[in-house]
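Novice: Take this structure, written in structure tokens, and hold onto it; I'll ask about it next.
The values are calculated or read from the model by the stated rules, or taken from the named source; none is laboratory data. Please read all numbers here as calculations on a predicted model, not as lab measurements. All Cβ positions, glycine included, derive from the backbone under ideal geometry; neighbour counts span all protein chains shown.
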């Protein structure tokens with residue numbers, strides 16, 4: 001199946017390739033199985049295997065086998081590693097970084113990215129996103145949420161704006177902000193799993 005270049009960074013072959021690069025290059029000390037990557041990316045294992053093989057032939061990724069399991073990692077000795085990991089961070093990295101930074105906050109029911117980054121992620125063309133808008137649903141300590149946003153901001157090197165709403169308020173969708181967010185592109189970020197909402 002032929003896919004189009006993603007609006008977040010059209011130099012990547014596909015959205016899957018960008019997500020794969022972010023998943024591997026942003027965790028350079030971690031080896032991941034093809035099955036683990038396919039599960040995280042919500043993709044077919046065979047498709048992920050083809051992309052990994054392509055990137056391995058280019059020297060960007062490396063893999064080794066333990067029994068029947070093929071483990072994939074970043075090839076940090078590649079001259080392209082630093083530049084590509086920076087591009088992956090700036091384009092497809094926000095979902096992963098937000099998941100990592102907000103995952104440990106107590107009382108979070110749901111976490112979403114909305115706004116221009118979510119729109120580009122879902123394939124809507126437009127200017128490159130300047131910031132990342134995060135919606136935290138639940139009963140959370142505001143200071144913890146703002147600290148998580150600050151950590152994400154430092155890693156992404158762009159503003160991360162966090163908005164907090166109660167679960168009841170989110171479910172009822174009575175206020176205009178919630179209705180607007182729900183009717184716009186929305187990316188659900190739960191732990192290391194990412195899904196379009």
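Novice: Return the residue satisfying two criteria in turn: it lies in the range 110-122 and is in contact with a strand residue (DSSP E or B) (Cβ under 7 Å, 6 or more places away or on another chain) and over 17 Å from residue 149 (Cα atoms), and of such residues it is surrounded by the fewest Cβ atoms within 10 Å (Cβ to Cβ).
Specialist: Out of the qualifying residues, it is 122.
Novice: So in the range 119-137, with the set limited to residues that are touching a helix residue (DSSP H, G or I) at 6+ places or on another chain (Cβ under 9 Å) and outside any loop (DSSP other than H, G, I, E, B), which one is nearest to residue 182 (Cα to Cα)?
Specialist: Among residues in the range 119-137 that are touching a helix residue (DSSP H, G or I) at 6+ places or on another chain (Cβ under 9 Å) and outside any loop (DSSP other than H, G, I, E, B), the one nearest to residue 182 (Cα to Cα) is 135.
Novice: Give the residues of the range 41-52 that are touching a residue at least 24 places away in the same chain (Cβ under 8 Å) and either at negative phi or in contact with a helix residue (DSSP H, G or I) (Cβ under 8 Å, 6 or more places away or on another chain) (or both), sorted by residue number.
Specialist: As a first pass, look at the range 41-52 and keep what is touching a residue at least 24 places away in the same chain (Cβ under 8 Å): 41-43, 47-48, 51-52.
Result: 41, 43, 47, 48, 51, 52.
Novice: I'd like the full set of residues that are touching a residue at least 60 places away in the same chain (Cβ under 8 Å) and not in a loop (DSSP other than H, G, I, E, B), limited to the range 21-40. Talk me through it step by step, then tell me what you get.
Specialist: Filtering the range 21-40 for residues touching a residue at least 60 places away in the same chain (Cβ under 8 Å) gives 21-23, 25-26, 40.
Selection gives 21, 22, 23, 25, 40.
Novice: Would it be correct to say that residue 107 is in contact with a helix residue (DSSP H, G or I) (Cβ under 8 Å, 6 or more places away or on another chain) and over 25 Å from residue 18 (Cα atoms)?
Specialist: Working: in contact with a helix residue (DSSP H, G or I) (Cβ under 8 Å, 6 or more places away or on another chain): no; over 25 Å from residue 18 (Cα atoms): yes.
Answer is no for this residue.
Novice: Looking at this structure, is residue 90 at negative phi, surrounded by fewer than 18 Cβ atoms within 10 Å (Cβ to Cβ), in a helix (DSSP H, G or I) and touching a residue at least 60 places away in the same chain (Cβ under 8 Å)?
Specialist: On the way: at negative phi: yes; surrounded by fewer than 18 Cβ atoms within 10 Å (Cβ to Cβ): yes; in a helix (DSSP H, G or I): yes; touching a residue at least 60 places away in the same chain (Cβ under 8 Å): yes.
The answer is yes for residue 90.
Novice: Shifting gears a bit: Mind counting the residues in the range 75-93 that are over 15 Å from the mean Cα position of the chain (by Cα) and over 14 Å from residue 58 (Cβ atoms)?
Specialist: 2
Novice: Please find, among 104, 125, 147, the residue that is modelled with pLDDT of 95 or more, more than 15 Å from the chain's Cα centre (by Cα), exposed (fewer than 15 other Cβ atoms within 10 Å of the Cβ) and at negative phi.
Specialist: Numbers: 104 fails: modelled with pLDDT of 95 or more; 125 fails: modelled with pLDDT of 95 or more.
Unique residue meeting the criteria: 147.
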